[in-house]
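A short worksheet on the structure shown next.
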Amino acid sequence: MDNLHDKFQALQERGFSSTCEDMRKCLRRDRRLTFKGEIDVYFEILLGEEFFEEVLHESYTQIRDSILTKELGDDLWLFYAVLPYEIRFYYENGFMWSRKIYEMLRSDPSLMELLKKEHSIDNVIDQIVKRVIDREENIRLLETNDMKVQYEFLRALCGVALILSSLDCPKKLNL
């Protein structure tokens, strides 16, 4: 909470308003803070199934069998890893890379065939990364000049797109 309090104050200093007087109490009571401004910013503590409902628009029980049979449970940390950067990128640029990669994956028959033939997930991710780099000139995902960090983040984004694809999400996501 101490780290977040500085972020909440920074939002208020930039003209965002909140009806909450005591941030700590509001988060404990409601598990959500809303800051109104040019855009609305929400900070929310999601418990249990709430994360799946917020991100995938389905309850965990609805996707549980798919996750367990495809052994994706261990890889869901990727959502947590990329989400803060994706949200910032969305508000700055109007789209999310994970969604763009997912839609590219779902609409490209050669990539879908690769998924059926290839047994190594690392090889599949490398092929998807190569396609993204070929299609997107001057791609810049993070605020760093370290190309290795950029590349690893792109691999994580491709992993998220693969998870969404294997869960058989709709072709167009509501992200």
Quiz prompt | Selected residue [within 17 Å of Leu56 (Cα to Cα) and at pLDDT 85 or above] from Cys158, Cys169 | solution = Cys158
Exercise. Check Lys130 against each of (1) part of a helix (DSSP H, G or I); (2) open to solvent by 70 Å² or more (accessible area, probe 1.4 Å); (3) in contact with a helix residue (DSSP H, G or I) (Cβ under 9 Å, 6 or more places away or on another chain) and name the one condition it does not meet.
Key: (3)
Quiz prompt | Residue match in the stretch 28-45 (condition: in a helix (DSSP H, G or I) and at pLDDT below 85) | solution = yes
Practice problem: Can you confirm whether the stretch 53-75 contains a residue that is part of a helix (DSSP H, G or I), at pLDDT 80 or above, surrounded by 13 or more Cβ atoms within 10 Å (Cβ to Cβ) and not β-branched (Val, Ile, Thr)? | Solution: no
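The values are calculated or read from the model by the stated rules, or taken from the named source; none is laboratory data. The structure presented is a predicted model; accordingly, all values stated were derived computationally and were not measured. In this analysis, Cβ positions are derived from the backbone assuming ideal geometry, glycine residues included, and neighbour counts consider all displayed protein chains. Surface areas here come from the heavy atoms of the whole protein model, side chains and all, with no ligands, DNA or RNA. Shrake-Rupley method; radii C 1.70, N 1.55, O 1.52, S 1.80 Å.
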